[in-house]
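The values are calculated or read from the model by the stated rules, or taken from the named source; none is laboratory data. Here the structure is a predicted model, which means the values were calculated and not measured. We place every Cβ from the backbone using ideal geometry, glycine too, and count neighbours over all the protein chains shown.
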There are 4 protein chains.
Amino acid sequence: MPKNPQPVYYGEYLSLDQLLTAQNPHSPRYGAEAHDEMLFIIVHQVYELWFKQVLHELRSIHRLFQQPELGDADLYMVGHRLQRVLTIQDLMNDQVGVIETMTPQEFLEFRDYLVPASGFQSVQFKELEIILGLTRGKRIAFDQESFYNRLKPADQEHLEALEQLPSLFDCVDAWLARMPFLEFEDFRFWEHYQAAVTDAFARDEAIIRENSASEEQLAQELATLQSNRSMFEALFDNNRYKDLQKEGAVRLSQSAMLSALFITQYREEPAFQLAFQVITAFAELDEKLTIWRYKHAMMVQRMLGTKIGTGGSSGHDYLRRTTEQNRVFKDFFAMATYLLPKSALPDLPNAVRSELGFARTKRR
Amino acid sequence: MPKNPQPVYYGEYLSLDQLLTAQNPHSPRYGAEAHDEMLFIIVHQVYELWFKQVLHELRSIHRLFQQPELGDADLYMVGHRLQRVLTIQDLMNDQVGVIETMTPQEFLEFRDYLVPASGFQSVQFKELEIILGLTRGKRIAFDQESFYNRLKPADQEHLEALEQLPSLFDCVDAWLARMPFLEFEDFRFWEHYQAAVTDAFARDEAIIRENSASEEQLAQELATLQSNRSMFEALFDNNRYKDLQKEGAVRLSQSAMLSALFITQYREEPAFQLAFQVITAFAELDEKLTIWRYKHAMMVQRMLGTKIGTGGSSGHDYLRRTTEQNRVFKDFFAMATYLLPKSALPDLPNAVRSELGFARTKRR
Amino acid sequence: MPKNPQPVYYGEYLSLDQLLTAQNPHSPRYGAEAHDEMLFIIVHQVYELWFKQVLHELRSIHRLFQQPELGDADLYMVGHRLQRVLTIQDLMNDQVGVIETMTPQEFLEFRDYLVPASGFQSVQFKELEIILGLTRGKRIAFDQESFYNRLKPADQEHLEALEQLPSLFDCVDAWLARMPFLEFEDFRFWEHYQAAVTDAFARDEAIIRENSASEEQLAQELATLQSNRSMFEALFDNNRYKDLQKEGAVRLSQSAMLSALFITQYREEPAFQLAFQVITAFAELDEKLTIWRYKHAMMVQRMLGTKIGTGGSSGHDYLRRTTEQNRVFKDFFAMATYLLPKSALPDLPNAVRSELGFARTKRR
Amino acid sequence: MPKNPQPVYYGEYLSLDQLLTAQNPHSPRYGAEAHDEMLFIIVHQVYELWFKQVLHELRSIHRLFQQPELGDADLYMVGHRLQRVLTIQDLMNDQVGVIETMTPQEFLEFRDYLVPASGFQSVQFKELEIILGLTRGKRIAFDQESFYNRLKPADQEHLEALEQLPSLFDCVDAWLARMPFLEFEDFRFWEHYQAAVTDAFARDEAIIRENSASEEQLAQELATLQSNRSMFEALFDNNRYKDLQKEGAVRLSQSAMLSALFITQYREEPAFQLAFQVITAFAELDEKLTIWRYKHAMMVQRMLGTKIGTGGSSGHDYLRRTTEQNRVFKDFFAMATYLLPKSALPDLPNAVRSELGFARTKRR
């Protein structure tokens, strides 16, 4: 509790003098003020404020994950803060609608004054991508090349240093990989599981054969199924799994992937509930970021058609290509390929369950 | 087109150095940093940025309305910019969900450091209320008293000066009142209209008498109906209308009210389409602002219960009371009481219609 | 896994023949079809489908709570399904915007054909209120009287039977009340807690005295504070607490209230995380339902002004009054009045913590 | 006004007996009820109800467009009803979040019982696509082949008949093409316009040459620019334009495209305001439908990974490919490529303006 705190005034606490004088449209320098330049500036500034907040949360989560051990109170905090990030993402996705109240023609009134500035120069957004785990090698080709070359040297160095650190993806991978519950004596989960998934693939093959609309479609569907089978077998074969990682077909380590599968299958066990919430939250973060990229790409197309952006690149096409490829936690989505219904799962033996549950003698 | 413009860098254009150093949590001054104070600051700063944008739009609309004549291109612009304000309001209403990701306990970690700052000290929000037309006399009692006394003298003077100017409400009222279409020769609209509304009230009375659940309810419903009848009659009686204005039962001037009714009834006429959109947009602005007040009041209750806020007042109760009473364009809602279905309206005579329509010889 | 299942066709699975022939506008019976009557019907039907889904979830939660013991897997399921209800509520709240695309005039084209039907006759909505715990005695006066008298006898009997069963509120109260952690040997939590809250009230009193804007405000704020103090003292005094319950100032039982406070204060403890999520979800359900009532009341006012609704009652005013008073889980909001920041809480002794935590020997 | 109407009861008016008995989960036929199958059914049924409403609006708009002349009151109605469609689309897009409250594992509990039903069998959705103008030839290859072959013969014939009728796209094209304002005596708009756009391309080329990050990027950007130039020149060259249509690079007719450009550039003129709103609304309808396809594809991936759907096809990949290619009003987006800022446009001569404006002698 503060002793003799200074009285606080709303406007000073929020540094409103600083905040509300930071909007400096360029159009007046070249003649008449373009009314809509204010909107353009404020929408981008609001995004930057949310980026700061999201980074504040992700960095705190990152610190929690970097501890040698992640206790339950900390894991709770991770989940709680990820939920906040998701809530902010929903708002950021809807915010695209605000910039779309500006017509293309209104944008053209000041577009030429902004050359060659570009949203690609948002250092905070790049930090956000890097901290999540979207490092250079994982980006689409165009992006790898141009990620840094529009930035000032200081910004460039700052980001390059960040790329050296373990990302949130790395931390999540390590946390999953070190979970000990992958082998329990006398509970041959994985054997049972492999058999059940193999059955499920067989059923899917029958469905495909009965319902395909054409020879061509049949061939296509069987090829997809075969690739899923092969991917699944690799989960239990160290060498094949490593090959898939090299090809970029999968990013999580083998142990992490198996842990994530186990947790997802038994998510209602007390010991897994939080972990499952955290895995799901990362998948949703990825999904919402992807939807933001997509809506953003559509907005750019609406504003500029196929004209170049202020930074000199044709934005829409490039942006659209990033939506599918610049994803970090896509493996959590792919995992659904190998899930079984609860009714097809072996019950956890009591010995296992008691290791995973509370030792509750009194709670009813 | 700019000649030799300076090359622009994203971060400089958006004054990010200034923007992103404006978050100064107080908790570190008193010991440990409260993690969630950043969220608290950024959420409020984002609101202030949106307030700035909304004021930017409302001021430009205000200027357009203050012209001696409001041409159609300008009226179009008014409608277009009001739509933007509505879109921003939707976002601001959803943003309440972001602050609600902070638990009451997390807020308590830094609440005591903010005394006596208060959202009542947001000068921009008060400007917004004043420019809309929520002047001192129109506020709820508590608000009248305390509107200024938490502000610094400079802020107070600034707002008091604003209160002397005609508000948007005044401009809208004057614009509606000076519309010339209230009397057309040979088209005795109002007589017809009065007869039709009188019939409608009679039908409503029959419905009430047949369906009331109890004597008490019957009495109540009939009283409401009688008050509507009386209000409707006053629309055509200068003295009675003035009495209603004095009592605060209605705020629009009589001519403005009649214009608004006429426009609303014939909204699909070319000359009225834009005007109707503008009237509707002001009603929606009022509705969305009211919903924001309501959600805000709920959020404060959730965060503090009935505890006092940082400014020393018990926020929830007060805030809730403002939702219904601090409304500016409520008359546009009340107007629905006297509307008729299109099928009950007289057709506009061709002479009137041609005065209200385009003189289009070629357009098909 | 199904053996030889019948092949399924999309339209048959969803009973589309039945679903898509259930829209029967009345306007064609009286002359011309009113284009917007379809919207009116479909919007209400969608609400009824969501009500069915929400009831499906609430009934399953109800069944889980009615077990003698609520295990962790079940508590997880309760939280999971409540989250779904909250997601549906967000959609239902936004759906008010769809009906508002109909102008008041468009509504008048068919309003008279619907007399005396009324939304008050939605049996599913009343079931939803009853299952939550909004029983007759808890409703606002007008509602108590008119709750049943617009319904057909069969619907009335159905609901009256439901009112005899324990509600979700009752189940939640019982679940909280039977938690055993209210007394731990050697950990005198409540004494410490009472002292800390008493200190907090003293600080609040100082803040009020220094910052009140007027004598009148000072008196008002001190009265609120005094009532909070008195309420807090009653938490530890069986007789005073019972008086408050009788007055309607509080609804939860004393033990349940204390449990909820304890859980909220130590929500990051493994044993409490789920319980805290569930308590929070009920509070949010209540909040979202209240916002729905509010938006609904605004929409009715916009559509009808102060005119009577099709059921013969003036809807807006009545609906608005229900928003604040027809709340079920308001105590979870009021609780914030007595919360302490984490830094002011005593650490849980290790013995207590180990009772509340996992017995994890292996998990890292 | 109805004479002696039958009293109406809420549940009967909405056919609730029919509506609320249309949920028939299949899981109980095979053993235990899967709790989440109800959600699956209701979410799809709500979509079908919204499809019915959207079709109701689109069909009425279609009828209005099919008149020999589209008067202003009718054009107003088109805009009004399109706004309603957009509002419903926002809700449908958010509704994806409701189905995502079901985990993949919960879906697997009943997925096998639904084979080979598939969302591809939604006749109403296909109708919606066809009425908009997504005819067979315009679909992506896979879709062309499989559009009909999962449907029952009756459904197939119904849709094939619909494909023979002029679509909304055709109507909008014809309406734009027949606008007479493309040539005004003494106002050589298009010459001026061509010169100004040519200048704008030159400026863009300079920007590209100065700011490209690499040789490769430079080449790419210049190629895009060249293609835009070539496209622009084709706007004024009948033969080249027809070639572009054949290649599928553009769909609107040449006259319609020029009209749309002219309207967009002078959208604040009274005669164009409504038309511009309608053009914009069709573009937004396309955008929102595309975003729905994208979110839907993500949801399917989350639910199934790369597993096949119940209809036997791997949904995610296919669905994602439809998002960009199955667009109808994309030309309204591409148009932004050739827009000029208002400041670069020639003022409309007074003679032209008076032809386009109201003949208002009295309105102020």
Next item on the list: Could you identify the single residue in D:Tyr266, D:Tyr193 that is surrounded by 20 or more Cβ atoms within 10 Å (Cβ to Cβ), within 23 Å of A:Thr103 (Cα to Cα), of a type outside the set (A, V, I, L, M, F, W, C) and away from chain A (no Cβ under 12 Å)?
Entry: D:Tyr193
Note to self: Which count do you get for residues in the range B:282-309 that are at the interface with another protein chain (Cβ under 8 Å from one of its Cβ atoms), aromatic (Phe, Trp, Tyr) and in contact (Cβ under 8 Å) with a residue 60 or more places away in the chain?
What the structure shows: 0
Note to self: Tally up the residues in the range B:150-184 that are modelled with pLDDT of 90 or more, within 30 Å of B:Tyr266 (Cβ to Cβ) and not in a helix (DSSP H, G or I), please.
What the structure shows: 2
Checklist line | Number of positions in the range A:87-111 that are touching a residue at least 60 places away in the same chain (Cβ under 8 Å) and in a helix (DSSP H, G or I) | finding: 12
Next item on the list: Considering only residues that are touching a helix residue (DSSP H, G or I) at 6+ places or on another chain (Cβ under 7 Å) and in contact (Cβ under 8 Å) with a residue 24 or more places away in the chain, look in the range C:193-222 and name the one that is farthest from B:Gln121 (Cα to Cα).
Entry: C:Ala196
Checklist line | Test: residue in the range D:339-359 that is within 23 Å of D:Arg251 (Cα to Cα) and either modelled with pLDDT of 85 or more or of a type in the set (D, E, K, R) (or both) | finding: yes
Margin query: Among the numbered criteria (1) closer than 24 Å to C:Glu233 by Cα; (2) within 7 Å of chain B (Cβ to nearest Cβ); (3) modelled with pLDDT of 85 or more, which one does C:Ile279 miss?
Written below: (2)
Note to self: On the basis of being more than 30 Å from D:Ala336 (Cα to Cα), modelled with pLDDT of 95 or more and among the acidic types (Asp, Glu), does A:Glu69 make the cut?
What the structure shows: no
Note to self: Condition (residue is more than 7 Å from every other protein chain (Cβ to nearest Cβ), over 30 Å from B:Ser354 (Cβ atoms) and out of contact with any Asp or Glu (no Cβ under 8 Å at 6 or more places or on another chain)) applied to the range D:61-71: is it met by at least one residue?
What the structure shows: no
Checklist line | Some residue of the range C:141-149 being touching a helix residue (DSSP H, G or I) at 6+ places or on another chain (Cβ under 7 Å), in a helix (DSSP H, G or I), small (Gly, Ala, Ser) and closer than 19 Å to C:Glu324 by Cβ | finding: yes
Checklist line | Residues of the range C:284-315 classified as assigned to a helix (DSSP H, G or I) and either modelled with pLDDT under 85 or aliphatic (A, V, I, L, M) (or both), total | finding: 10
Next item on the list: Would you check if there is a residue in the range C:14-26 being assigned to a helix (DSSP H, G or I) and under 23 Å from the mean Cα position of the chain (by Cα)?
Entry: no
Next item on the list: Residue by residue through the range C:343-354, note down the ones that are closer than 14 Å to C:Glu268 by Cα, at the interface with another protein chain (Cβ under 8 Å from one of its Cβ atoms) and touching a residue at least 24 places away in the same chain (Cβ under 8 Å).
Entry: none
Notebook entry, point to check: Hey, does the range D:9-28 have a residue that's within 24 Å of D:Gln277 (Cα to Cα), more than 8 Å from chain C (Cβ to nearest Cβ) and free of Cβ contacts under 8 Å to residues at least 12 places away in the same chain?
Noted result: no
Check: Which one is nearest to the other protein chains (Cβ to nearest Cβ), of the residues in the range D:223-237 that are without any contact (Cβ under 8 Å) to a residue 40 or more places away in the chain and closer than 13 Å to A:Thr306 by Cβ?
Finding: D:Thr224
Next item on the list: Determine whether the range B:32-52 contains at least one residue that is modelled with pLDDT under 95, in a loop (DSSP other than H, G, I, E, B) and either more than 25 Å from A:Glu109 (Cα to Cα) or within 11 Å of chain A (Cβ to nearest Cβ) (or both).
Entry: yes
Check: Only one residue in D:Asp74, D:Asp112, D:Asp94 is among the acidic types (Asp, Glu), within 7 Å of another protein chain (Cβ to nearest Cβ), touching a helix residue (DSSP H, G or I) at 6+ places or on another chain (Cβ under 9 Å) and surrounded by fewer than 19 Cβ atoms within 10 Å (Cβ to Cβ). Which one?
Finding: D:Asp94
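Going through B:Arg251, B:Arg240, B:Arg209 one at a time, which residue ends up being farther than 21 Å from B:Leu345 by Cα, at the interface with chain C (Cβ under 10 Å from one of its Cβ atoms) and of a type in the set (Lys, Arg)?
Numbers: B:Arg251 fails: at the interface with chain C (Cβ under 10 Å from one of its Cβ atoms); B:Arg240 fails: at the interface with chain C (Cβ under 10 Å from one of its Cβ atoms).
Testing whether each residue is farther than 21 Å from B:Leu345 by Cα, at the interface with chain C (Cβ under 10 Å from one of its Cβ atoms) and of a type in the set (Lys, Arg) leaves just B:Arg209.
Yes/no per residue for (1) crowded, with 20+ Cβ neighbours inside 10 Å; (2) more than 30 Å from C:Met303 (Cα to Cα); (3) within 18 Å of the chain's Cα centre (by Cα):
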position	(1), (2), (3)
C:Phe40	yes, no, no
C:His44	no, no, no
C:Glu69	no, yes, no
C:His80	yes, yes, yes
C:Ile99	yes, no, no
Margin query: Against the condition farther than 30 Å from B:Gln217 by Cα, crowded, with 22+ Cβ neighbours inside 10 Å, without any contact (Cβ under 8 Å) to a residue 60 or more places away in the chain and within 21 Å of the chain's Cα centre (by Cα), how does C:Gln273 come out, does it pass?
Written below: yes
Check: Looking at the range C:120-133, which of the residues that are in a helix (DSSP H, G or I) and facing chain D (nearest Cβ under 7 Å) is farthest from the chain's Cα centre (by Cα)?
Finding: C:Gln121
Margin query: I'm trying to understand the selection: among the residues of the range B:3-38, which are surrounded by 18 or more Cβ atoms within 10 Å (Cβ to Cβ), over 19 Å from A:Ala22 (Cβ atoms) and among the hydroxyl-bearing types (Ser, Thr, Tyr)?
Written below: B:Ser27
Check: Do you know which residues across the range D:214-252 are in a loop (DSSP other than H, G, I, E, B) and either out of contact with any Phe, Trp or Tyr (no Cβ under 9 Å at 6 or more places or on another chain) or surrounded by fewer than 18 Cβ atoms within 10 Å (Cβ to Cβ) (or both)?
Finding: D:Ser214, D:Phe236, D:Asp237, D:Gly248, D:Ala249
